[in-house]
Amino acid sequence: YYTDYDIVFQEVPDETTLAISISGCPFRCHGCHSSHLWQRDAGTFLSYAELDRLIRRYEHSITCVCFMGGDADHYDLNMLMVYIREHYPTLRIAWYSGADSFPEDIHYNLLSYIKIGHYNASRGPLSSPTTNQRFYKLPASYACGSEGGVPTPSPSMATVPDGFPSGLIDITNRFQRK
């Protein structure tokens, strides 16, 4: 289910993004600016037909689809990403997760970008130099291996987590004002 969508220019650097707000956020961060997303199954069911409708409406303008949330149901999130990759192979896919670690059951090979970390009001959003959140660009050649687990970054981490390919780039500083 999703509650709204918008075409955005700041959430994913260098991309014109269709941002889809997914309901059912399990984290309920203090100070969250999107508390309307806490309710599970709020809004419109995000079927493949509905996803097609949204993408086709902006198909010639967007370069990326970003799921804002989706932490409550990784299976459905994965299936939506597979659908986009199969039907719109030139679009990049981003995911804003409130998780503080990399969930093990996500198809990272489908993602171009990922934001990890809950909102901590005392540390600020991605635009704050003290943020606990990280924003990564994944290389196009990245594919998940089956060996080992998915690493857990520390909240203040400024380097690539162990176990991820060396091509994974922390671009969090692109959000911060100079």
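Selection over region 46-83 of residues that are among the β-branched types (Val, Ile, Thr) and either assigned to a helix (DSSP H, G or I) or at pLDDT below 95 (or both) gives a count of 2. Look at (1) open to solvent by less than 40 Å² (accessible area, probe 1.4 Å); (2) within 16 Å of the chain's Cα centre (by Cα); (3) in contact (Cβ under 8 Å) with a residue 40 or more places away in the chain and you find that Cys29 fails only one, number (2). Looking only at residues in region 107-123 that are assigned to a loop (DSSP other than H, G, I, E, B) and without any contact (Cβ under 8 Å) to a residue 40 or more places away in the chain, which one is most open to solvent (accessible area, probe 1.4 Å)? Out of the qualifying residues, it is Ser122. State whether the residues of region 133-149 include one that is open to solvent by 60 Å² or more (accessible area, probe 1.4 Å), at pLDDT 90 or above and assigned to a loop (DSSP other than H, G, I, E, B). Checking region 133-149: not a single residue is open to solvent by 60 Å² or more (accessible area, probe 1.4 Å), at pLDDT 90 or above and assigned to a loop (DSSP other than H, G, I, E, B).
Scan region 82-96 and give yes if some residue there is buried (at least 19 other Cβ atoms within 10 Å of the Cβ), free of Cβ contacts under 8 Å to residues at least 40 places away in the same chain, under 19 Å from Glu15 (Cβ atoms) and touching a Phe, Trp or Tyr at 6+ places or on another chain (Cβ under 7 Å), otherwise no. Yes, there is a match, as at least one residue in region 82-96 is buried (at least 19 other Cβ atoms within 10 Å of the Cβ), free of Cβ contacts under 8 Å to residues at least 40 places away in the same chain, under 19 Å from Glu15 (Cβ atoms) and touching a Phe, Trp or Tyr at 6+ places or on another chain (Cβ under 7 Å). Taking the stated definitions as given, is Val12 in contact with a helix residue (DSSP H, G or I) (Cβ under 8 Å, 6 or more places away or on another chain) and at negative phi? When the stated conditions are applied, Val12 does not pass them.
The values are calculated or read from the model by the stated rules, or taken from the named source; none is laboratory data. Small disclaimer: the values here were computed from a predicted structure and weren't measured. Don't worry about glycine lacking a Cβ; one is built from the backbone with ideal geometry, like all the others, and counts go over all protein chains shown. Only protein heavy atoms, including side chains, enter the accessible area calculation; ligands, DNA and RNA are left aside. Shrake-Rupley method; radii C 1.70, N 1.55, O 1.52, S 1.80 Å.
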